Structures are given as C-alpha cells and as structure tokens.
1. Shape call for the stretch 250-364 from the C-alpha gyration tensor, a ≥ b ≥ c root eigenvalues: rounded (a/c under 1.5), prolate (a/b greater than b/c) or oblate?
2. What list of ³J(HN,Hα) couplings, whole Hz, do you get for the stretch 421-435 from phi and the Karplus terms 6.51, -1.76, 1.60, once you set θ to phi - 60° and write x for glycine and proline?
3. Under a point-charge model restricted to the Cβ atoms of Lys and Arg (+1) and Asp and Glu (-1), what is the dipole moment magnitude of the chain relative to its Cα centre, in debye to the nearest 20?
4. For ILE105, what charge total do you get from the other residues with a beta carbon under 14 Å from its beta carbon, if Lys and Arg give +1 and Asp and Glu give -1?
5. Suppose only helical runs count, i.e. DSSP H with n ≥ 4. What mean residue ellipticity at 222 nm does that imply for the chain under -39500 (n - 2.57) per run, divided by all residues and rounded to the nearest 500 deg cm²/dmol?
6. Considering the options GLY169, ASN19, ILE280, tell which one lies farthest towards the positive end of the dipole of the stretch 13-455, charges being +1 on Lys and Arg and -1 on Asp and Glu at the Cβ, about the Cα centre.
7. Around LEU200, what is the net charge, scoring Lys/Arg as +1 and Asp/Glu as -1 over all other residues with Cβ under 13 Å from its Cβ?
8. May I ask you to list the lysines whose Cα is less than 24 Å away from that of LYS389, ignoring any residue fewer than eight positions away on the same chain?
Amino acid sequence: MGKDENNFARGSIPRHIINLAGPMIVAQLINVLYNVIDRIYIGRLPDVATLAMSGLGLCLPLISIIIAFANLFGMGGSPLCSIARGSGDHDLAEEIMGNSFSLLILFSVLIMIIGLLFKEPLLWAFGASQNTITYANDYMSIYLLGTPFVLIGLGMNSFINSQGFAKIGMMTVLLGAITNIILDPIFIFVLAMGVKGAALATVISQFVSALWTFQFLTGRKTILKLKKERLKLKIKHVKKIFALGMAGFMMGLTNSVVTIVCNATLQTYGGDFYIAIMTIINSIREVVSLPGQGLANASQPVLGYNYGAKQYQRVLKAIRFTTITCFLTSFLLWLSITLFPQFYIQIFSHNPEIITQGTQAIHLYFFGFFMMAFQMTGQAVAVGLGKSKQAVFFSLFRKVMIVVPLTLILPIYMGIDGVFIAEAISNFIGGGACYLTMMLTIGKDLKKKRLSVAKG
C-alpha cells in the first residue's frame, strides 16, 4: 500500500467526511455499547436492578478517566500523523504513532495499579452508599484489570481511522461488541455472576479489540506501520502529543468530574434512586451524541491533511459541511428524545417510578441538546488543525466553569430538578461560545491564509 493512498487533498470534501463518518459512527456506537449493554442487562437483574444500576453509575467517573487517557494519546497523536502525512513526511508520522503506542502502554499499567489500590475510597467519595458500594466495587475491580486493553483498543484505533481505514476501525469495536453481547448474558445470568459477570465480559471483549488493532497496525495493509524502532520515546513528540491530546483528555476528565458532582448532589437530594436515573440518562446521552460526534471526529483527518497540504479553501469547506451536518443530526435526535422519552428509558428499566421521574428529568436535561453540535464542531476543528489551547479551554469551559457550579447551586433553590437543568444551560452557553470563538480566531486565520495562497 502506497503512501499516497487516502489523499484527502483531492476529491469531494463531503464525500471524504461521510465515507469516514459512516463507519466511525457505527464504530463509536458499538464502542459505547460495551458499557451500555452491561447496564441494559444489569437493569433486568431480579430484585436488585435499581441498586446495581446505581452501582454501575458510580463507576462511570473512573471509566471516564480511563477513556480520557486513551483520548490523550490517541486524539493527541492521530491529528499530528494526518498533518505529517499531508506534508509528505511518512517517517515522522510513524514516529508519532510509535510514541503514542508506548505512552498508552506505560500509562495503562500505571492507571491499573493506582486504580486497584484506591478504587474503594474513590467510590465512596463519588456518592456510594452501603446499598451500592458492593456492586460498584465488584464491577470496578475486574474492569480495571482490562485497562491496557481499553487504552490500546481505543487509543490506537484513532490511528487506523486517521489513515482513512474507517471500516477497519469499525471492525475493531464490532468484534469486541459482539463478544460482549454474547458473553454478557452467559456470565450475568447463566453463570449467576451478576455485576462481576458484566465486568468480565467487558474485559474479554476489550482484549479482542486490542488484539485486532495491534495486528492491523503491524500488518501489510496499513499505510503507517507500528515498528519496534519507532517505540522509543522522543521528548519533542511526547510534548506535542500531550499538548494536542489534552483537549480529548480534558473532555474525559471533565465528564468524570461532572458525573462525580452530579452523583454526590443526587445522593444528597434524591438518594440511590436518582443516581440510577442519571445513569440511564448518561447512557442515552452517550448513544445520541454519537452521530454528531462521529461526523466531527471524521472531519479531523480531512481537516488536518488539507491543512498540512496548505489547501485552506478545502479546510473552510470541511468546517461548513461539518457544522451543518452535525447540527441537523443533533436536532433530529433531540426531537426524538423530547417526543418519545419513555421509549429510551424502557431500554434500561421497566420500573414505573423510574419511567415517570426519568421522563421529567430527560425533558430538563436534554433541552437545547442540539446546541452541542457547535461545541463538537468547534473542538473538532481546533484538534484537527493542531490548535491545542483552544480545544483544551472549551473542554474546561463548558463542564468545569458552567455545569459544575450550576449543579451545586441550582438544587439549593430548585431541588433535584436543578441537577438536570444545569446541563441544559451549559449546552447553550458552551456550544455557542466555543463555535463563535473558533470562527473568530481559527476561521479568520484560515481565510487570511487562503487569500495569501491565492495571491501567490
């Protein structure tokens, strides 16, 4: 396979993005199903479903932190590879990929050890009760053992997608998800392992995904090959990977912080019951965010490649197309959630009280969800073009500066509803501010460069 394949500087911009987006959305959907499927099955455990669901909800902050590290090195390295490929430096692209792999291995071991040592006190801090700590601890103890597989599968899959092999990237998570779907009911119900069975099925599935990823990137079909001599860490690459990947990392980390604050506040104002509802809402959000996020992520290799090739007009065209498609998909999904909330809740629970209270919570939480399209697009542009500072700032801005304070303050005056309204407010402020700033800074600069190239 030649170095000139998957040249995003030629051909239709919308076609390139759609060709990448389709398999990537499917892949991300399947990836989300790793944990969502666990919750669907756990929600059907006799007698203990609500408490077990709450226990899994308490694990979400730790899982988000693990995924954040996969984003740090995957989303940090893959756009740099795209830019390097666009500028014709194949060796540099391979070096960056090799360094990213080494960082993923190193940090996965550290996270696993630290997580196993401190998981229980952390779960208590996240809002666990005497009724839910056993479920949370059982799940997390096993899940942490699969940390290296999570980081390799998620992190290195970014390098498969960035080369244009979106269908191969989709297969990475499809294999894992199919394994999880098959093993979950066997371990949970047939072998009566409950929450432990869900975690074990997930770990085995992640191993399958990681193995597939490794085999492809060391095989003959890949453009950039994972080679032993490229694994030695170089400080210049590490700095750039950390700088650019910090946006994806902060997104995961801030998601974790928000979940912790939400769960602790919900425990104070509503108890385990409302933590179970928030776990369901988070599961729904993970799924319905995927089309918009998939389109945004699919634009990054195209943006980075054309930026590296100094095709600024094509970069601007990619931004416009991504904005429109992200908004339309997000708006339609928001409409479906608003009109049919019970349908979404019943995927996870048939408890009449959860359906009643969850419906109200969903209407509040998802109000203005379509505004997230602007956040997704704005951050995708910043990451794809290597503008790490802007991407990091808006990861922090929406979650830490808006959601967290509102989640703590609003319930004082509005009760439990305040927790859910906080997210809705952040969608409008965070989404609008992120996109507007991107257009006034990065967009303005691109237009200047386009004119400069045109003048010659």
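1. The shape class here is prolate.
2. Computed from phi, the couplings for the stretch 421-435 are 5, 4, 5, 4, 4, 5, 4, 6, 5, x, x, x, 5, 4, 5 Hz.
3. Here the size comes out at about 2440 debye.
4. +3
5. Calculated at 222 nm, the ellipticity per residue is -27000 deg cm²/dmol.
6. ASN19
7. -2
8. Straight-line reach from LYS389, under 24 Å: LYS234, LYS236, LYS239, LYS240, LYS310, LYS317, LYS399, LYS444, LYS447, LYS448, LYS449.
Bear in mind these aren't lab numbers, they're just calculated from the coordinates by the rules spelled out. As the structure is a prediction and not an experimental result, all values here were calculated from the model. Note: ideal-geometry Cβ built from the backbone for every residue, glycine included; neighbour counts use all protein chains shown.
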